[in-house]
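First the structure, in the form of structure tokens, and then the observations on it.
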Amino acid sequence: MNRRFTVLRLFACLIVLLGIAIGVVAALAWYSPITPIDRMPADRFDARLIRQGADLAALGDCDTCHTAPNGRSFVGGLPVPTPFGTIYSTNITPDPETGIGRWSEAAFRRALRQGVDREGRQLYPAFPYDHFTRLTDDDVTALYAYLMTRTPVRASAPPNALPFPLNHRFVVAGWKLLFFNPGTYRPDPAHDAAWNRGAYLVEGIGHCGACHTPRNALGAEKSSRFFAGGEAEGWTAFPINAAAASPVPWNADSLYAYLRQGWHGLHGVAEGPMAPVSADLAGASDGDVRSIAAYVASIIGETAPADRPEGRTLAAMTRPFGTGAKPQSAGSQAAAAPAVVGDGAGATIYAGACAGCHESGRPVPYGGTDLSLSTALNGSTPRNLINILFEGIPAADGARAPIMPDFGAVLTDTQLADLARFLRAKFTDKLAWTEIDAAVRQARSRRATAEASTSAAAGNP
Amino acid sequence: MMDLTVNGTTHAIDADPDTPLLYVLRDHLGLNAAKFGCGLGQCGACTVMVDDRAVLSCVVPIALLAGRRVTTLEGLGTLDQPAPIQQAFIEEQAAQCGYCIAGMMMRAQALLQATPQASDADIRHALEPHLCRCGTHMRILKAVHRAAALMRAHDPVRGAL
């Protein structure tokens, strides 16, 4: 009797506590709607402000998430896969019904700073307001001016595919209580203005940490492991702190070139979710990209003295920007494959499929990256290598950039794994990868999904 | 020695396992439709099908192809009985110098086998890796649309799917 009473009492206490918790979260979750505005004429905005907003949108890579495949910029509808389900990006053109055309600047500011939409609903942190909250008032105004002067397009994103209870937006209030640290960027007095500009751009609009900082089980960035490497859409975002895996150490100049053009002869090619980032940075303000590069280089830090001679030797061994040794005329390329590269299936595939470009002696982007310098080969996971083997490197629109054929159609899973094992052993001094087979399976299923969606879009079974 | 199945016939091939498929097709088997363009997998002229998927034969070592089905343009139709893709390219007069056309046709064939109702965007996207220096792109696109219609007429069940 007594014991039963205790259990009941405990149970009642729990219910009360739960009720309080729900009440607190509900109170935190509640925001009032902000009065809709009538659509404002585009000439209300100053051209300089719009230009500033365009630069910020490029640095923030807004169009990459807010554009569906083959869709118009900022119209939204891109499925963003998260560990919790699929979230669809929204229409941020100034369409009054389906976009942000009726959002006042105050509503826009609240979305960026606090992660709440005009109607007062919580926004999922797939929209990186944990970074955008760092933006200055002036930059928010500029972004608003830029977006409100885009062509309005009527289009609604499909509903998110999230399981209970995440499909209820108020739970985001709980997430924010635990992990969200709002507030504009506070300059670090220990550093100069240029460094602080870079830090402001990287941690604010650039939201680099959204991919390059690992996330915890609830999807929040682990601030204690700043830039220690994360993942995005099936790709590894490599560490960009002292643990950076590039054999030749990065510096501000190489980072600048890489971010600007999407590849660097001593490092490799920006692929996967990084490809659109560098494509956008190609059109951003030069000084800002330099600031970003200088700041990230400072986070990666000085190379350990022991590694410096090794990096210099490696760099000296390649000719990333010089004239290639082999002429480009037809017929000469095929002779570039070395006669003997080793034994085994992986070596044979390498000799027949890879060496023709990667050992051509031609400089990047006309020849392949020197694989001993490749971050994808030296990194902790085989994922990016496998993804690139599957998908190749498609030609960049209107830019001088490396291309690579895709091998997903011809290589079987076993052949892909053989090749990956061979490349890791031949070109790096790192430990063998353990999760090659899993990475191959994941890349195969991703490709199948992508093809099914293309086929479905064409009205095929 | 390895066995290589091309256009339904299995051949014993005496070549190094890292020899590109393109060389074996042209030098060993006399199948000259697939062309050597760049030798780097960058122009598309060497495209053939392996198990119904378009691949660049200049960067595919034959060691990969044990137990696989290779199809070249010669395997689709003949002069007397051209396949729909060939008939469509003839009717649209889509070749000028013709060097890229065999590769274009094989890529289009693979696309239309997988996606009979391919849209214009699908076709443009699929043919992106192929270079044509004569500039017959618009005719090539028309020919692929025509081939799709011909294939649907040949195979109304699949075409209607």
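The values are calculated or read from the model by the stated rules, or taken from the named source; none is laboratory data. Predicted model only: the values in this text are computed from it and were never measured. Ideal geometry is used to build each Cβ from the backbone, glycine not excepted, and the neighbour counts take in all protein chains shown. Keep in mind that these areas ignore ligands, DNA and RNA; they rest on the heavy atoms of the full protein, side chains included. Shrake-Rupley method; radii C 1.70, N 1.55, O 1.52, S 1.80 Å.
Helices (runs of 4 or more DSSP H) fully within region A:81-190 that include at least 3 residues being modelled with pLDDT of 95 or more and over 28 Å from A:Ala26 (Cβ atoms): A:137-148. Filtering region A:422-450 to residues that are assigned to a helix (DSSP H, G or I) and either of a type in the set (Lys, Arg) or more than 19 Å from A:Leu411 (Cα to Cα) (or both) leaves A:Arg424, A:Ala425, A:Lys426, A:Phe427, A:Arg441, A:Arg444, A:Arg446, A:Arg447. Residues in region A:94-114 that are of a type in the set (Gly, Ala, Ser) and under 27 Å from the mean Cα position of the chain (by Cα): A:Gly99, A:Ala107, A:Ala111. Identify the residue in region A:404-417 that is open to solvent by 20 Å² or more (accessible area, probe 1.4 Å), touching a residue at least 24 places away in the same chain (Cβ under 8 Å) and at the interface with another protein chain (Cβ under 10 Å from one of its Cβ atoms) and, among all such residues, is farthest from A:Ile349 (Cα to Cα). Among residues in region A:404-417 that are open to solvent by 20 Å² or more (accessible area, probe 1.4 Å), touching a residue at least 24 places away in the same chain (Cβ under 8 Å) and at the interface with another protein chain (Cβ under 10 Å from one of its Cβ atoms), the one farthest from A:Ile349 (Cα to Cα) is A:Met404. With the requirement that a residue be over 21 Å from A:His207 (Cβ atoms) and assigned to a loop (DSSP other than H, G, I, E, B), what does region A:243-266 give you? Within region A:243-266, A:Ala245, A:Ser246, A:Pro247, A:Val248, A:Pro249, A:Asn251, A:Gly265, A:Leu266 qualify.
The condition of being acidic (Asp, Glu) and touching a strand residue (DSSP E or B) at 6+ places or on another chain (Cβ under 9 Å) holds for only one of B:Asp27, B:Asp18, that being B:Asp18. The set of residues in region B:126-139 being touching a helix residue (DSSP H, G or I) at 6+ places or on another chain (Cβ under 8 Å) and within 14 Å of chain A (Cβ to nearest Cβ) consists of B:Ala126, B:Leu127, B:Pro129, B:His130. For region A:385-403, check the following and say yes or no: at least one residue is within 11 Å of another protein chain (Cβ to nearest Cβ), open to solvent by 30 Å² or more (accessible area, probe 1.4 Å) and among the charged types (D, E, K, R). For region A:385-403, residues within 11 Å of another protein chain (Cβ to nearest Cβ), open to solvent by 30 Å² or more (accessible area, probe 1.4 Å) and among the charged types (D, E, K, R): present. Taken over region B:56-108, the criterion of being more than 10 Å from chain A (Cβ to nearest Cβ) and of a type in the set (Ser, Thr, Tyr) is satisfied by B:Thr71, B:Thr72, B:Thr78, B:Tyr99.
Within region B:36-56, can you find the residues that are without any contact (Cβ under 8 Å) to a residue 40 or more places away in the chain and within 9 Å of the chain's Cα centre (by Cα)? Across region B:36-56, the qualifying residue is only B:Val55. Mind checking whether some residue in region B:138-146 is modelled with pLDDT under 95 and more than 17 Å from the chain's Cα centre (by Cα)? Scanning region B:138-146, I find no residue that is modelled with pLDDT under 95 and more than 17 Å from the chain's Cα centre (by Cα), so the answer is no. Looking only at region A:341-384, residues that are facing chain B (nearest Cβ under 10 Å) and modelled with pLDDT under 85 come to 4 in all. List every residue pair whose Cβ atoms lie under 8 Å apart, where the two residues are 6 or more positions apart in sequence or sit on different chains, the first residue falls within region A:69-81 and is buried (at least 16 other Cβ atoms within 10 Å of the Cβ), and the second residue, located anywhere, is basic (Lys, Arg) and modelled with pLDDT under 95. That search, which allows pairs on different chains as well, returns nothing. For region A:208-240, the set of residues classified as touching a helix residue (DSSP H, G or I) at 6+ places or on another chain (Cβ under 9 Å), open to solvent by 30 Å² or more (accessible area, probe 1.4 Å) and farther than 19 Å from A:Pro382 by Cα consists of A:Cys208, A:Asn216, A:Leu218, A:Glu221, A:Ser223, A:Phe226, listed by residue number. Of all the listed residues (A:Ala345, A:Ala420), the sole one being surrounded by 19 or more Cβ atoms within 10 Å (Cβ to Cβ), of a type in the set (Gly, Ala, Ser) and touching a residue at least 24 places away in the same chain (Cβ under 8 Å) is A:Ala420. Scanning region B:1-30 for residues that are assigned to a loop (DSSP other than H, G, I, E, B) and either modelled with pLDDT of 95 or more or within 14 Å of another protein chain (Cβ to nearest Cβ) (or both) returns B:Asn7, B:Gly8, B:Asp14, B:Ala15, B:Asp16, B:Pro17, B:Asp18, B:Thr19, B:Leu29, B:Gly30.
Consider region B:31-55 and keep the residues that are assigned to a loop (DSSP other than H, G, I, E, B) and open to solvent by 60 Å² or more (accessible area, probe 1.4 Å). The one that is modelled with the lowest pLDDT is B:Asp52. Screening A:Arg290 against (1) under 20 Å from A:Trp235 (Cβ atoms); (2) modelled with pLDDT of 95 or more; (3) open to solvent by 20 Å² or more (accessible area, probe 1.4 Å) leaves a single unmet condition, (1). Just one residue in the set B:Gln87, B:Gln96, B:Gln81 is open to solvent by 40 Å² or more (accessible area, probe 1.4 Å), more than 28 Å from A:Leu416 (Cα to Cα) and not in a loop (DSSP other than H, G, I, E, B); that residue is B:Gln87.
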